[in-house]
Amino acid sequence: TGLLSYNAPVSAFSNFGFGGVLTYDRLGPMENVFFKLNGAYHINIGSNGGKLGVGLDLGMIQKAINKDLKWADPADLLAASLAGARDMAFDVGFGLFYYKPIKSGNGLYFGVSGQKLLPQELTLGMANPKIRQHAYITTGYYHDVYDNEKVVLKPNMLVKTDLTSTQIDVNLTAEFNKVIWLGGSYRVQDAVVANVGFKTKQNIKIGFS
């Protein structure tokens, strides 16, 4: 799996940003390529400095099956038709993201988004797999626990679902002097993750999980 992403504000337009994402994923004989261009506009909400980001992305999905695919039954015409097959579809996503800037050592964010919103079918040989709609929900908190942000706790949660199966990640990170962090994650009924990292004086973050 490989991922390349970029995002930045647009200096000529207040509160507007744009970006792009390119993802390559290979699992067994299947290869997936996702490419998206996205934009977001941030709206001031309330008197506490909160902002609501409204985002939209447009892109394409390409799925391919390796031509060297092997199958057990020589008479299986469906499997035979998959070898070397590929198809492409459009992709649309939409999201909302609210965040309250950090004040007095505390901050909050909440987001919800939908991906692959267009109901479509691909044609891979004699097969027509459907593209499932995906939804994501995330929320997190920034809490100063010791001596003017020398120790900060950052609990957060991510829920991912295609309305058939659901994954829930619960995470907690402790940050020290805004330079070093230690964290742990639990994916319900699936995995436990530990991570560690630090930030250099050039504001570059390096981490390992």
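Does segment 134-158 hold any residues that are on the phi > 0 side of the Ramachandran plot and in contact (Cβ under 8 Å) with a residue 12 or more places away in the chain, and which are they?
N148, E149
Looking at (1) polar (S, T, N, Q); (2) open to solvent by less than 60 Å² (accessible area, probe 1.4 Å); (3) assigned to a loop (DSSP other than H, G, I, E, B), which is the only condition T139 fails?
Tallying (1) polar (S, T, N, Q); (2) open to solvent by less than 60 Å² (accessible area, probe 1.4 Å); (3) assigned to a loop (DSSP other than H, G, I, E, B), T139 fails exactly one: (3).
Out of G53, G39, report the one residue that is out of contact with any His (no Cβ under 9 Å at 6 or more places or on another chain), open to solvent by less than 50 Å² (accessible area, probe 1.4 Å) and over 21 Å from K130 (Cβ atoms).
None of the other options fit; the residue is G39.
Could you list, in sequence order, the residues of segment 157-195 that are open to solvent by 60 Å² or more (accessible area, probe 1.4 Å), within 20 Å of the chain's Cα centre (by Cα) and either over 30 Å from L117 (Cβ atoms) or of a type in the set (S, T, Y) (or both)?
Selection gives T164, S165, T166, L172, Y186, V192, A194.
For the list (1) open to solvent by 50 Å² or more (accessible area, probe 1.4 Å); (2) closer than 24 Å to A174 by Cβ; (3) within 23 Å of the chain's Cα centre (by Cα), I need the number of the one condition that V145 fails.
Checking V145 against (1) open to solvent by 50 Å² or more (accessible area, probe 1.4 Å); (2) closer than 24 Å to A174 by Cβ; (3) within 23 Å of the chain's Cα centre (by Cα), the one that fails is (3).
Provide a single number: the residues in segment 7-25 that are in contact (Cβ under 8 Å) with a residue 12 or more places away in the chain, more than 18 Å from M60 (Cβ to Cβ) and assigned to a strand (DSSP E or B).
Counting residues in segment 7-25 that are in contact (Cβ under 8 Å) with a residue 12 or more places away in the chain, more than 18 Å from M60 (Cβ to Cβ) and assigned to a strand (DSSP E or B) gives 3.
Taking into account only those residues within segment 110-133 that are in a strand (DSSP E or B) and at pLDDT below 95, which is surrounded by the fewest Cβ atoms within 10 Å (Cβ to Cβ)?
Per the criteria, the residue is K130.
Of everything in segment 6-61, what is hydroxyl-bearing (S, T, Y) and in contact with a Lys or Arg (Cβ under 9 Å, 6 or more places away or on another chain)? Give them in sequence order.
T23
I'd like to check something: does segment 60-74 contain any residue that is acidic (D, E) and at pLDDT 90 or above?
Looking through segment 60-74, none of the residues is acidic (D, E) and at pLDDT 90 or above.
If I filter segment 72-89 down to residues being part of a strand (DSSP E or B) and open to solvent by 50 Å² or more (accessible area, probe 1.4 Å), which single residue comes out as nearest to V33 (Cα to Cα)?
Looking at the filtered set, the residue picked out is M88.
Please go through segment 26-53 and pick out each residue that is under 12 Å from Y99 (Cα atoms) and part of a strand (DSSP E or B).
H42, I43, N44, I45, G50, K51, L52, G53 - these are the residues of segment 26-53 that are under 12 Å from Y99 (Cα atoms) and part of a strand (DSSP E or B).
Could you list, in sequence order, the residues of segment 1-36 that are within 20 Å of L124 (Cα to Cα) and open to solvent by 100 Å² or more (accessible area, probe 1.4 Å)?
R26, L27
Given the criteria open to solvent by 40 Å² or more (accessible area, probe 1.4 Å) and either free of Cβ contacts under 8 Å to residues at least 60 places away in the same chain or touching a Pro at 6+ places or on another chain (Cβ under 7 Å) (or both), does V92 qualify?
no
The values are calculated or read from the model by the stated rules, or taken from the named source; none is laboratory data. All values derive from a computational prediction rather than experimental measurement. Don't worry about glycine lacking a Cβ; one is built from the backbone with ideal geometry, like all the others, and counts go over all protein chains shown. Just so you know, the surface numbers come from the protein's heavy atoms only, side chains and all, with ligands and any DNA or RNA stripped out. Shrake-Rupley method; radii C 1.70, N 1.55, O 1.52, S 1.80 Å.
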